[in-house]
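Chemist: One structure coming up, written as structure tokens, with questions to follow.
Just so you know, all these numbers are worked out from the coordinates, no wet-lab data involved. On a predicted model such as this, the values are computed, not experimentally measured, just so you know. Here Cβ is always computed from backbone atoms with ideal geometry, including for glycine, and neighbour counts include all displayed protein chains.
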Amino acid sequence: MRNKILIVVCAICLEYPMSYGQSSLTVSTPTIFSKVSVPNNWSPNTAVNRINQFKGNAIGTGIILNYSFRPPIIFKNKYKNVELSIGLGYFSQRFNIIRYFNYNSPIYIVYSTNHYSYESWQVSVGLNYNYPIGKKYFLSCGATYTYLQSFQQDYTPNSGDPTQINRNNIDFGKMILLSLGVKRKIQEKIAIGFNLLIPHLSWRNDEIFKDDPSKFFHPSFSLGGSINVSYLLKKNISTTNK
């Protein structure tokens, strides 16, 4: 994860003086709702009234700082409304679903939880298109790939025992986000906007639930949105005048 962060930081430092046209810093707060189903790995197959799949929902929330720019080596004088973006941030993925799990207890009994969560760092790279509508409004669309590295996992048992907090570094998940939205300039260098998010999500199985950690699972449905606040940086005049 540290290597990915260093790559993003180095890319920002290198691209800023060479960026073509307007660049910007944007703080985004995405929220994604999903429907999920997970296997019952604990009940014997011969159990009476056995439930094969547990169903519930998942909510992901986060905050990320994105740097958007137009590298001249790619765009030059073409595609003036297209930008690349790279970002770093924090993401919390909570699952509201009943599951049995290996609670760290000296008493060997089966514990269950109806909610558990993963706290992660996120690194993203994306491509955005902004179409101006008048002087203050823009339509925007884009595609972003996000990598999630979990640094903390929380499991709250239904028994009333303390929440089990694990601090393992886990390659937790990946997100591909398609976005469509509108933004408005409220000052010369500040713009706010809202994006509708259509996600494709992949989460790693967790062995604490007797899942196979080498595999990923996906929600049956996901939809989200994000509020964005952008600060428009000064244009690179020397580059744009060429």
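Chemist: In nm, to one decimal, how far is the modelled label at Arg50 from the one at Leu178, with both set 7 Å along Cα→Cβ?
Modeler: If labels sit at Arg50 and Leu178, their model points lie 3.9 nm apart.
Chemist: Excluding Ser117 itself, what net charge comes from residues whose Cβ is under 12 Å from its Cβ, given Lys and Arg +1 and Asp and Glu -1? Numbers along the way, then the final one.
Modeler: Values: positive: Arg94; negative: Glu119, Asp154, Asp206.
Taking every other residue near Ser117 into account, the sum is -2.
Chemist: Just to confirm the filter: which chymotrypsin sites (Phe, Trp or Tyr not before Pro) across the range 102-147 are DSSP coil and have at most 10 other Cβ within 10 angstrom of their Cβ? Kindly include the intermediate steps, with their values, before the conclusion.
Modeler: Working: sites: Tyr103, Tyr108, Tyr111, Tyr116, Tyr118, Trp121, Tyr129, Tyr137, Phe138, Tyr145, Tyr147; in loops: Tyr103, Tyr108.
Those satisfying the criteria are Tyr108.
Chemist: Same structure, new question: Along Cα→Cβ, 7 Å out, is where each label goes; now give me the distance between the ones at Asn57 and Ile133 in nm to one decimal.
Modeler: For the pair Asn57/Ile133, the computed spacing is 2.9 nm.
Chemist: Taking θ = phi - 60°, what integer Hz values does the Karplus form 6.51 cos²θ - 1.76 cosθ + 1.60 yield along the range 168-178, in sequence order, with x for Gly and Pro?
Modeler: Per residue, the Karplus-derived 3J(HN,Hα) values read 9, 8, 10, 6, 7, x, 9, 10, 10, 10, 9 Hz.
Chemist: Within the range 85-193, list the trypsin sites (Lys or Arg not before Pro) lying in a DSSP loop whose Cβ has at most 13 other Cβ atoms in a 10 Å radius.
Modeler: Details: sites: Arg94, Arg99, Lys135, Lys136, Arg167, Lys174, Lys183, Arg184, Lys185, Lys189; in loops: Lys135, Lys136, Arg167, Lys189.
Here the trypsin sites (Lys or Arg not before Pro) that fit, given the DSSP loop and packing criteria, are Lys135, Lys136, Arg167, Lys189.
Chemist: Can you sort Glu119, Glu83 by how many other beta carbons sit within 10 Å, fewest first? The partial results should precede the final answer.
Modeler: Numbers: Glu119 19, Glu83 26.
In increasing order of surrounding Cβ atoms, one gets Glu119, Glu83.
Chemist: For the range 65-71, just list the computed ³J(HN,Hα) in residue order, Karplus coefficients 6.51, -1.76 and 1.60, θ = phi - 60°, integers in Hz, with x standing in for Gly and Pro.
Modeler: 9, 10, 10, 10, 7, 10, x
Chemist: What's the extension gain from Phe33 to Asn114 if we count 0.36 nm per residue and subtract their Cα-Cα distance? Show your work: numbers first, answer last.
Modeler: Values: separation 81, 0.36 × 81 = 29.16 nm, distance 1.67 nm.
Full-extension gain reported as 27.5 nm.
Chemist: Between Tyr90 and Gln152, 0.36 nm times their residue separation minus their Cα-Cα distance comes to what? Before the final figure, lay out the partial values.
Modeler: Details: separation 62, 0.36 × 62 = 22.32 nm, distance 1.17 nm.
Value of the extension gain: 21.1 nm.
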